[in-house]
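The next block holds one structure in the form of structure tokens; read it before the comments.
The values are calculated or read from the model by the stated rules, or taken from the named source; none is laboratory data. These figures come from a predicted structure and were not determined experimentally. Note that each Cβ is placed from the backbone with ideal geometry, even for glycine, and that neighbours are counted across all protein chains shown. Calculation scope for accessible area: heavy atoms of the full protein, side chains included, ligands and nucleic acids excluded. Shrake-Rupley method; radii C 1.70, N 1.55, O 1.52, S 1.80 Å.
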Amino acid sequence: MTSTIDYKNKIILAPMVRVGTLPLRLLALEFGADLVYSPEIVDKRIIASERHFDEETGLIAYIDNKNTINFRSHPIEKSRLIFQIGTSDPDLALQAALKVKQDVSGIDVNCGCPKKFSIQGGMGAALLSNPDKLESILTNLVQNSGLPVTCKIRMLQTKEQTLELCKMIESTGVKAIAIHCRTKDERPRQPGHWSIFKYIVENIKSIPIIANGDIFQRSDIVKLKEMSNVSSFMIARAAQYNVSIFRKEELLPLNEIVKKYIKKAIDVDNNWPNTKYTLTQMYAECSKEPEYKDLIKSKSYEDVCKIYDLESYFQNAKTTNGIFKNVLLGQSKNLKRKQDEIITVANSEKKKRKT
């Protein structure tokens, strides 16, 4: 039985390598994200990993024979977690999807990463110039994974070429297409091309189009919706800088977000190098803040907790082996309550439309 997930009218945490790990995904959900994507994980890495489940905390880790943790998740997020695969092979893509099937609600194929390691392996943006391979990967996943399948692409050189690719992708039976509004050769400092969304939305009717690129504040979502009538929105850099962008209210101060992230990372026992990296990315546009210099020098959770006056939180974590079972269980109940509220509102709106 194929599980279902609705990609319409959603605000989504984009897949982000190294940054989009478990702590940030959980915070995004708490602040109001409808869906969260895992970082891209290469098919062979997840296939070679063994699933480990911690009954006390519910934490799930996929660990390979070198003791490398390739993916971590928690049941709290399962109903809204999309697993992104880096792949260039239909069979390996399917094996990877089936490996994580019990812990996620959807599969996404990365067709947009322009980085060298992806391109050389025939993955990511390399698939944009190999549509036959992309079609075979998506078709295999759609027909055999038992999960909703999507893919995230970059626009091609012309809007007509982009539409042609989207129509092929649509024909495979995917549930949505996310489009980044830059070509594979354009970089973040160059402005995105929002005009592509209106053209694609007008010509692709059967599935939602998810807009990605240059969405830095909630008002951008309103503006882009008015311009293009695009269905859903995927946020990357803005969520990296301040994950409270998913709130309907104004952004929380950076210092408050940093503290929340540190606590969440401790709660789920996130590895320190990944936590420090993500924290430094939060300061990408605020590197002159006094805490940033101390953060760069920090070498452990103990160090960083001293910077942000979280020593007592850290000490409590040490006495519970680094995991707060009750905290995680409480978060699970809160997220379930929020999800039920969203479903209730959606059903009420459907009834109103019918009457």
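Inside segment 15-56, can you point out the residues that are crowded, with 18+ Cβ neighbours inside 10 Å and either touching a Pro at 6+ places or on another chain (Cβ under 8 Å) or not assigned by the TED database to the domain that holds Gly124 (or both)?
Pro15, Met16, Val19, Gly20, Thr21, Tyr37, Ser38, Pro39, Glu40, listed by residue number.
Pick from Thr4, Thr68: which is open to solvent by 10 Å² or more (accessible area, probe 1.4 Å) and outside the structural domain of Met123 (by the TED database)?
Working: Thr68 fails: outside the structural domain of Met123 (by the TED database).
Of Thr4, Thr68, the one residue that is open to solvent by 10 Å² or more (accessible area, probe 1.4 Å) and outside the structural domain of Met123 (by the TED database) is Thr4.
Would you confirm, using the coordinates I've provided, whether Glu202 is open to solvent by 20 Å² or more (accessible area, probe 1.4 Å) and in a helix (DSSP H, G or I)? Before you say what the answer is, go through the steps one by one.
Values: open to solvent by 20 Å² or more (accessible area, probe 1.4 Å): yes; in a helix (DSSP H, G or I): yes.
Answer is yes for this residue.
Residues that are of a type outside the set (D, E, K, R) and surrounded by 16 or more Cβ atoms within 10 Å (Cβ to Cβ): list the helices (runs of 4 or more DSSP H) wholly contained in segment 91-182 that include at least 3 such residues. Give the steps one after another, and end with the answer.
Values: elements: 116-120, 131-144, 159-171.
It comes to 131-144, 159-171.
Taking segment 72-90 only, how many residues are under 28 Å from Asn130 (Cβ atoms) and open to solvent by 10 Å² or more (accessible area, probe 1.4 Å)?
Residues meeting the conditions: 3.
Residue check, Pro188 against (1) open to solvent by 60 Å² or more (accessible area, probe 1.4 Å); (2) within 30 Å of Leu252 (Cα to Cα); (3) modelled with pLDDT of 95 or more, all met but one. Which one?
Failed condition: (3).
Using the structure shown, decide if Ile210 is farther than 22 Å from Ile245 by Cβ, within 17 Å of the chain's Cα centre (by Cα) and not in a helix (DSSP H, G or I). Explain how you work it out, then say what you get.
Numbers: farther than 22 Å from Ile245 by Cβ: no; within 17 Å of the chain's Cα centre (by Cα): yes; not in a helix (DSSP H, G or I): yes.
For Ile210, the condition - farther than 22 Å from Ile245 by Cβ, within 17 Å of the chain's Cα centre (by Cα) and not in a helix (DSSP H, G or I) - is not met.
Which condition does Phe197 not pass, out of (1) closer than 18 Å to Tyr7 by Cβ; (2) part of a loop (DSSP other than H, G, I, E, B), if it passes all the others?
Evaluating Phe197 over (1) closer than 18 Å to Tyr7 by Cβ; (2) part of a loop (DSSP other than H, G, I, E, B) leaves (2) as the failure.
Determine the pairs where a residue that is not assigned by the TED database to the domain that holds Trp272, located within segment 289-311, has a partner that is exposed (fewer than 15 other Cβ atoms within 10 Å of the Cβ) with Cβ atoms under 8 Å apart, the partner being 6 or more residues away or on another chain.
none
What tally of residues in segment 34-91 results from selecting those that are under 15 Å from the mean Cα position of the chain (by Cα) and among the basic types (Lys, Arg)?
3
Against the definition (assigned by the TED database to the domain that holds Tyr37, surrounded by 21 or more Cβ atoms within 10 Å (Cβ to Cβ) and of a type in the set (S, T, N, Q)), how does Ser195 come out, yes or no?
Working: assigned by the TED database to the domain that holds Tyr37: yes; surrounded by 21 or more Cβ atoms within 10 Å (Cβ to Cβ): no; of a type in the set (S, T, N, Q): yes.
It is false that Ser195 is assigned by the TED database to the domain that holds Tyr37, surrounded by 21 or more Cβ atoms within 10 Å (Cβ to Cβ) and of a type in the set (S, T, N, Q).
Would you confirm, using the coordinates I've provided, whether Asn65 is at positive phi and not in a helix (DSSP H, G or I)?
Values: at positive phi: no; not in a helix (DSSP H, G or I): yes.
In short, no.
Taking the stated definitions as given, is Tyr241 closer than 28 Å to Cys181 by Cβ, surrounded by fewer than 17 Cβ atoms within 10 Å (Cβ to Cβ) and either of a type in the set (Phe, Trp, Tyr) or not assigned by the TED database to the domain that holds Ala61 (or both)?
Values: closer than 28 Å to Cys181 by Cβ: yes; surrounded by fewer than 17 Cβ atoms within 10 Å (Cβ to Cβ): no; either of a type in the set (Phe, Trp, Tyr) or not assigned by the TED database to the domain that holds Ala61 (or both): yes.
Considered against the rule, which asks whether it is closer than 28 Å to Cys181 by Cβ, surrounded by fewer than 17 Cβ atoms within 10 Å (Cβ to Cβ) and either of a type in the set (Phe, Trp, Tyr) or not assigned by the TED database to the domain that holds Ala61 (or both), Tyr241 comes out as no.
Pull up segment 111-169, narrow it to residues that are touching a Ser or Thr at 6+ places or on another chain (Cβ under 7 Å) and among the charged types (D, E, K, R), then point me to the one that is nearest to Pro188 (Cα to Cα).
Arg154
For segment 23-41, check the following and say yes or no: at least one residue is without any contact (Cβ under 8 Å) to a residue 40 or more places away in the chain, acidic (Asp, Glu) and under 28 Å from Asp214 (Cα atoms).
Of segment 23-41, the ones without any contact (Cβ under 8 Å) to a residue 40 or more places away in the chain are none.
There is no residue in segment 23-41 that is without any contact (Cβ under 8 Å) to a residue 40 or more places away in the chain, acidic (Asp, Glu) and under 28 Å from Asp214 (Cα atoms).
Exactly one condition in (1) farther than 22 Å from Asp6 by Cβ; (2) more than 18 Å from the chain's Cα centre (by Cα) is not met by Lys225; state its number.
Single failed check for Lys225: (1).
Here's a check for you: in segment 175-216, which residue that is in contact (Cβ under 8 Å) with a residue 40 or more places away in the chain and in contact with a Phe, Trp or Tyr (Cβ under 6 Å, 6 or more places away or on another chain) is nearest to Asn110 (Cα to Cα)?
This residue is Ala176.
Which residue is most open to solvent (accessible area, probe 1.4 Å), if the candidates are limited to segment 267-291 and must be in a helix (DSSP H, G or I) and at pLDDT below 95?
Among those that are in a helix (DSSP H, G or I) and at pLDDT below 95, it is Pro290.
Looking only at residues in segment 10-30 that are touching a strand residue (DSSP E or B) at 6+ places or on another chain (Cβ under 6 Å) and in a loop (DSSP other than H, G, I, E, B), which one is nearest to Met234 (Cα to Cα)?
Among residues in segment 10-30 that are touching a strand residue (DSSP E or B) at 6+ places or on another chain (Cβ under 6 Å) and in a loop (DSSP other than H, G, I, E, B), the one nearest to Met234 (Cα to Cα) is Ala14.
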